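J.: Mind having a look at this structure? Questions to follow.
We did not get these values from a lab; they are worked out from the coordinates using the rules stated. Everything numeric in this text was worked out from a predicted model, so none of it was measured. Glycine gets a Cβ as well: all are built from the backbone with ideal geometry, and neighbour counts include every protein chain shown.
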Amino acid sequence: MKPERWQQVSRIFESALGLEEDARAAYLCEECGTDESLREDVEKLIASHREAAAEGFMASPAVERVAGLMSSSEDEVEVRLEKGQLLGSYSILERLGAGGMGEVYLAMDTRLDRKVALKILPHEFAADKRRMQRFALEAKAASSLNQPNILTVFEFGESESLAFLATEHIEGETLRDYLRGHQLKLTEALDISSQIVAALEAAHEARIVHRDIKPENVMIRRRDHIVKVLDFGLAKLTEKGDASESGFVTDTEAPTEFKTAPGNVLGTVLYMSPEQSQGLAVDGRSDIWSTGIVIYEMVAGRVPFRGATPSHTIVEILEKEAPPLSLTAKQEVPDELERIVRKALAKSRSERYQTASDLLIDLRNLKKRLDVESEIQRSTASSVSAGLQTPSSTAQESAKQPITTIGPSGVKRAALAGALLAVIVLAALGIRSWLKSTNNVAPSSATAVTANVPPRELTYWITVQKFRSGKPFEKPFQLAGEINFERDYQVRLNLRSPVVGYLYVLNESPRGENPLQILFPSPTSNSGSALVSEKQELQIPEQSWFKFDPEQGTETVWLVWSRAPISDIEVAKRFANPSDRGVIKDARVNESLKHILEESPTDKLQIERQSSPPQTILRTGEPVVTHAIRLAHN
């Protein structure tokens, strides 16, 4: 069907859709006249729209789905490849289906003896030399993307007048099919989202914008649940162009499931960004919008914008705000996830996430937090089942708290609570031991494991680098703890722990009246998060060295290692930026942190220094470890 014909069919369809049956029949008679093929095409669209409404989804609007059925004409020949047929070096095994790129086949690469997916490009696409040249460049760029969440492109070629794309074959299902059979938990939705955004991060760094992110273009590999983003071969290389009056370049080649004229609004409407739905130029932030829609759909089970027709959907995208996830989801939604989705779906590009990297950091941090909270709940439940519980209501309430607030006397209260918990546990152990000895019953393995829960542990060591005239001098060496340092020495702190937890590192200069400085977390270290995984090894600073204060004296580096986030220190993270350089300039925040550090109990902290390798191990049964490293320098 030629573009002019399609526009005529689409116009009549849109107008007829809102009419009653009798009025619609009269309208079609008037508009189509004696052109029976025109009327037949419009009625196909109407019938498909009814079918979609009955199925209850609009992921593939009627105009998109039926257009494919009407795209062939006398000057287009439908190509179907048969099993065993050779296309270049590829032997056809079976037809997998069809998509926006044309027919898709499973084939065997006879050169490398591997299965591939062959995507045969549509005839009208392959016949356009300009578009083919552009597509070849984009396919080449996509094939250079070496990222595990991006479908690998092996080859773009032509054989027997057919243009094809050979990619890796994924044994799994699309995210669309996966969503139909699964009610996703938040952690799973965040995992899938993070993998999608990781793929976009790599593509955007290569200046490739996907422009068609949707569940149909995301595959879930069956064997390991790895996410693969498809069709980067249809993506657009960002480039400069002639700006219109609005300041943007008209996007004339967006990917699409239906065929229309260049310059028209294209793409899958439900996932279009506001700028893409208006036919404006798009960049990586358009992909971020589409990903925000996918995240919303995974959590809520529906897309946020859906109109009776594609035109109505576009109006909603441009004018309405997405309903809060807390109102549409069937599960409890954290405030942080609401914030992430709201920012991804900001109408203005300047208010949206500016890079995929920023979105990825927030998604990963939220997933880490949810994983820790889940582990706390699991551990609490395990302790209860083993008979070593505190009052259940208190335990459950503690597990639900995402933030631990420690004020000036908070550490003392935490220590008192820990001591009380220890008394309860010992009493429970004594009673169980007495009961078991009375009944001559051996202790269960669950009890034995719980009774030997290891204390919280943090290991650190210091790497020292001598400098002379501003340049490294001699090889760096490692220390377990403090020495008297020379002025031109620079140091790096190394830490690890066998358990997951939250780490904060602050520095106090020799001049005690000066503000504290937050060294960790920072935007350039651990993605700005205080959450540290078990056995994760950190070095602070990550890519440089810690310089001593010009004034002679003793730097004090404070380590705070906690089971849960500490809100009073979390608020100080905002000073970890290039402008403030970590210096906590808010007097109230600074004073509060100094109280926390000065009043932290140290009598229950075990300190073990080892010489081979040089390191210091801190152990305690308390929920928070606070330790001062004194770095005296000339």
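J.: What does the extension gain come out to for L327 and L479, with contour length at 0.36 nm per residue minus their alpha carbon separation?
T.: Details: separation 152, 0.36 × 152 = 54.72 nm, distance 5.47 nm.
Going from the current span to full extension adds 49.3 nm.
J.: Please compute the length gained on full extension between H225 and E608, using 0.36 nm multiplied by the number of residues separating them and subtracting their Cα-Cα distance. Walk me through the numbers on the way to the answer.
T.: Values: separation 383, 0.36 × 383 = 137.88 nm, distance 4.24 nm.
So the chain would gain 133.6 nm between H225 and E608.
J.: Once the other residues with Cβ under 13 Å from the Cβ of A202 are scored (Lys, Arg +1; Asp, Glu -1), what is the net sum? Mind dumping the intermediate values first?
T.: Details: positive: R207, K228; negative: E201, E205, D287.
That works out to -1.
J.: Quick check: residue separation of C29 and S15 times 0.36 nm, minus the Cα distance between them. What number comes out in nm?
T.: So the extension gain works out to 3.7 nm.
J.: Go through K119/K214; K475/K573; K547/K604; K83/K140; K367/K585 and tell me which ones have a Cα-Cα distance over 22 Å in this structure.
T.: Details: K119/K214 19 Å; K475/K573 33 Å; K547/K604 32 Å; K83/K140 28 Å; K367/K585 31 Å.
Flagged as over cut-off: K475/K573; K547/K604; K83/K140; K367/K585.
J.: Let me ask another. Let me check against my output: what whole-number percent is the relative contact order of the stretch 300-371, with C-alpha pairs under 8 Å and at least 6 apart? Don't jump to the answer; show the numbers that get you there.
T.: Details: 40 pairs, mean separation 15.1, N = 72.
Relative contact order of the stretch 300-371: 21 percent.
J.: Name the long-range amide H neighbours of F154: under 5 Å, sequence gap of 5 or more, or other chain; modelled H, no Pro or chain starts.
T.: A166, T167, E168
J.: Still on this structure, please answer the following. List the trypsin sites (Lys or Arg not before Pro) within the stretch 501-557 that fall in a DSSP loop (any state other than H, G, I, E or B) and whose Cβ has at most 15 other Cβ atoms within 10 Å.
T.: Working: sites: R511, K535, K547; in loops: R511, K535.
Taking the stretch 501-557 and a limit of 15 other Cβ atoms within 10 Å, the loop trypsin sites (Lys or Arg not before Pro) found are R511, K535.
J.: Where a ≥ b ≥ c are the square roots of the eigenvalues of the C-alpha gyration tensor, would you call the stretch 456-633 rounded, which needs a/c under 1.5, or, failing that, prolate if a/b is larger than b/c, or oblate? It would help to have the intermediate numbers written out before the result.
T.: Working: a/c = 1.44, a/b = 1.12, b/c = 1.29.
Cα axes put the stretch 456-633 in the rounded bin.
J.: Here is a further query. In the stretch 148-220, which GluC sites (Glu not before Pro) are in a loop and have at most 16 other Cβ atoms within 10 Å, using DSSP for the loop call?
T.: Listed in order of number, the matching sites are E160, E171.
J.: So what are the ³J(HN,Hα) numbers for the stretch 369-376, from phi and the Karplus equation (6.51, -1.76, 1.60; θ = phi - 60°), rounded to whole Hz, Gly and Pro as x?
T.: 5, 5, 5, 5, 4, 5, 5, 4
J.: Can you classify the stretch 86-168 as rounded, prolate or oblate using the Cα gyration tensor, where a ≥ b ≥ c are the square roots of its eigenvalues, rounded means a/c under 1.5, and otherwise it's prolate if a/b beats b/c and oblate if not? Write out the running numbers ahead of the final one.
T.: On the way: a/c = 1.58, a/b = 1.11, b/c = 1.42.
Verdict is oblate for the stretch 86-168.
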